[in-house]
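Nothing in this text is a laboratory measurement; each read-out follows from the coordinates by a stated rule. Keep in mind the model is a prediction, meaning the values are calculated, not measured. Cβ atoms come from the backbone with ideal geometry, glycine included; neighbour counts cover every protein chain shown.
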């Protein structure tokens, strides 16, 4: 299994009688189920740690699964799986660092797991309202949002509460809420009940709520330098600029989208899951999210993907390696005075953003 599997794959969880984890390879359109759960063992809680290529998942049955790519595994699927029992339905998971994972459950506990060969647990806090979503506003802080909108921020160095405040209540099912960081505005953003978008500036400790959709919505994503919100009830996707209180663009989209993830490349794609358990790939049209293909299967619940900054870094590296290989082929043809296919190779360089390299190679060939 390629160690960079997480960059080109979108991740899907499914429930029902064939519950499990699925990968969708956006580059070649292949779909693969990599892990099966107990029947009806649904998973809403996911987090990914890029440095170790580890996917963490928490299930309704109270188990945490740690999945990593591996060259040789007993199941032959190219993944190794560790299973940790928290014994209460998991609502959210969040990596603290490569050796620690935070997990909240329906009993109100926030547990910090030390991910050694024999995992050990430390209870960070027990809250009256269970925490539905965890995120990291700072390297030494952990934050959680409860169903009634209360936000708790813990100081991980002192293992105590740093601050608490109230925001808007979350829409049900609350486990679908995912906070996303919007770096251009330096704020965290998440969806709340009745079409409210919450943004929070950790450094300035400022909270803002805005009414952005009619009815409930769950999906907030970064898209380039903008924020994308997708209304589940009103069937619209809205793009927001950091310096505006009105949407830059409104796109029509299917109703009842409850989870989505974006692949940002030359042709951006969106993988969306709807309330009836269907999943599909869409591209950004002029006035709407236009369907590209529908995925096989039912009972999908949550879509997730790699960190966008890590993804962009990976794509840049991949393009550079491809350009180097094409440039080498051009030089080999030039040395042997072969013209066949040369124009096509130069065109390939231009298509991946390396036209300047093509022009340089042409100039070198002209004076050789």
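Can you sort 184, 81 by how many other beta carbons sit within 10 Å, fewest first?
Least to most surrounded, the residues fall as 184, 81.
List the equivalent ellipsoid semi-axes of the stretch 123-214 in whole Å, largest first, each obtained as the square root of 5λ for an eigenvalue λ of the Cα gyration tensor.
Semi-axes (√(5λ), whole Å): 21, 16, 10.
Rank the residues 355, 178 as a footprinting-exposure proxy: fewest other Cβ atoms within 10 Å of their Cβ go first.
355, 178
How far, in degrees from 0 to 90, does helix 355-367 lean away from the longest principal axis of the Cα atoms of the chain, to the nearest 10?
Computed tilt is about 20 degrees.
Mark the label point 7 Å from the Cα of residue 255 along Cα→Cβ and return the residues of the stretch 228-247 whose backbone N is within less than 15 Å of it.
231-237
What does the C-alpha gyration tensor say about the overall shape of the stretch 231-282? Classify as rounded when a/c is under 1.5, otherwise prolate if a/b is larger than b/c, or oblate.
Oblate.
Label residue 338 and residue 365 with points 7 Å out from Cα along Cα→Cβ: what is the distance between them in nm?
1.2 nm
So if we plug the beta-carbon distance of residue 159 and residue 265 into 1/(1 + (r/R0)^6) with R0 = 45 Å, what FRET efficiency do we get, rounded to 0.05?
It comes out at approximately 0.60.
What percentages, rounded to whole numbers, describe P(r) for the stretch 81-153 computed over all alpha carbon pairs with 5 Å bin width beginning at zero?
Per 5 Å bin, starting at 0, the Cα pair percentages come out as 3, 17, 30, 26, 16, 7, 2, 0.
Pairs of Cα atoms under 8 Å, at least six residues apart: use those to get the relative contact order of the stretch 211-270, whole percent.
So the answer I get is 28 percent.
Report the full-extension gain for the segment residue 243 to residue 120: residue separation times 0.36 nm, less the Cα-Cα distance, to one decimal in nm.
Extra length from residue 243 to residue 120 when fully extended: 39.8 nm.
Any idea what the relative contact order of the chain is, in percent, if you count C-alpha pairs under 8 Å spaced at least 6 apart?
10 percent
What is the stretch 148-267 by shape, rounded, prolate or oblate, if you read a ≥ b ≥ c off the alpha carbon gyration tensor as root eigenvalues and call it rounded for a/c under 1.5, prolate for a/b larger than b/c, and oblate otherwise?
Prolate, because a/c is 1.5 or more and a/b exceeds b/c.
What percent do you get for the relative contact order of the stretch 104-168 when only Cα pairs under 8 Å and 6+ apart count?
Relative contact order of the stretch 104-168: 22 percent.
What order do you get for 23, 270, 345 when you list them from fewest to most C-beta neighbours inside 10 Å?
Result, fewest neighbours first: 345, 23, 270.
I need the shape label for the stretch 48-206. Rule: rounded when a/c is under 1.5, else prolate if a/b > b/c, else oblate, with a, b, c from the alpha carbon gyration tensor.
Verdict is prolate for the stretch 48-206.
As a test of the formula, what do you get for the chain when each DSSP H run with n ≥ 4 contributes -39,500 (n - 2.57) and the sum is divided by the residue count, at 222 nm and rounded to the nearest 500 deg cm²/dmol?
Only helices count here, giving -5000 deg cm²/dmol.
What are the principal axis extents of the Cα atoms in the stretch 95-136, in Å, biggest first?
That gives 31, 19, 13 Å along the principal axes, largest extent first.
So in the stretch 172-252, what percent of DSSP beta bridges are antiparallel if you round to the nearest 5?
100 percent
On a 0 to 90 degree scale, rounded to 10, what angle separates helix 308-335 from the longest Cα axis of the chain?
Once rounded, one gets 10 degrees.
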